[in-house]
Amino acid sequence: MLNDKRGFILFIVLSTVLIVAMLAGVILSMISSQSRLTNHQVSRIKAYYAGKGMMNYTLEMLRGGTWTLPSSGVYYACHRGCIDSVTESYDIPDDSDIPYKVQVTIYPANSGIPNTARLEIKTEYTYTP
């Protein structure tokens, strides 16, 4: 009778350990997945703000007269190299806080809405899990 109780208790203990191990594996998998997702989201946000920063930099260079609008054609300004394999017209100084390639395309004045110039910003980033 005593051996039957010991066998049953051993079965309960092993079952409990197995269930706890499975739950721990599921929780670790969820945490790992969430960590990868968060890292990817942070990379996207950094690339977005790198593009916004380069847009502000371009506007300031145009406003201050350091750069000029193209009379015809398109000008390119690139940070850490151009994305579309184009020849840059203006160089953006390297900034270690911005780890991504950023390309600014400057269109001639009045090429869209009258009395305006159009800017196009592209950023390139890669996410490696």
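Quick note: the coordinates plus some simple rules give every number you see, no bench work behind them. Nothing here was measured: the structure is a model prediction, and the numbers come from that model. In this analysis, Cβ positions are derived from the backbone assuming ideal geometry, glycine residues included, and neighbour counts consider all displayed protein chains.
Could you tell me which residue out of C78, S111, Y125 lies farthest along the dipole of the chain toward its positive end? Charges go on the beta carbon: Lys and Arg +1, Asp and Glu -1, centred on the Cα centre. Of the listed residues, the answer is Y125.
The charge dipole of the chain, taken about the Cα centre with unit charges on the Cβ atoms of Lys, Arg (+1) and Asp, Glu (-1), comes to about 580 debye, rounded to the nearest 20.
Under 17 Å of direct C-alpha separation, and excluding same-chain neighbours fewer than eight residues apart, K5 reaches no aspartates and glutamates at all. Phi angles of segment 68-83 translate, via the Karplus equation with coefficients 6.51, -1.76, 1.60 and θ = phi - 60°, into HN-Hα couplings of 10, 6, x, 7, 8, x, 9, 9, 10, 10, 10, 10, 6, x, 7, 7 Hz per residue; Gly and Pro are given as x.
Against the chain, whose longest principal axis is taken from its Cα atoms, helix 2-64 shows a tilt of about 10°.
Working ranking of peptides 100-109, 78-87, 27-36 by packing, defined as the average number of other Cβ atoms within 10 Å per residue, highest first, is 100-109, 78-87, 27-36. Mean residue ellipticity, 222 nm, helices only, the chain: the sum of -39500 (n - 2.57) across DSSP H runs of n ≥ 4, divided by residue count and rounded to 500, is -18500 deg cm²/dmol. Of all lysines in the structure, the ones whose alpha carbon falls short of 26 Å from that of K122, not counting any fewer than 8 places away in one chain, are K46, K52, K101.
Shown is the FRET efficiency for N110 and L59, computed with R0 = 25 Å from the Cβ-Cβ distance and rounded to the nearest 0.05: 0.90.
I'd like to know how the chain sits against the 2.2 N^0.38 Å rule of thumb: what's its Cα Rg over that expected value?
For the chain, the normalised Cα radius of gyration is 2.03.
Once the C-beta distance of V42 and D84 is scaled by a Förster radius of 22 Å, the resulting FRET efficiency is 0.30 to the nearest 0.05. Available extension along the chain between Q34 and S15 is 4.0 nm, counting 0.36 nm per residue and deducting the alpha carbon span.
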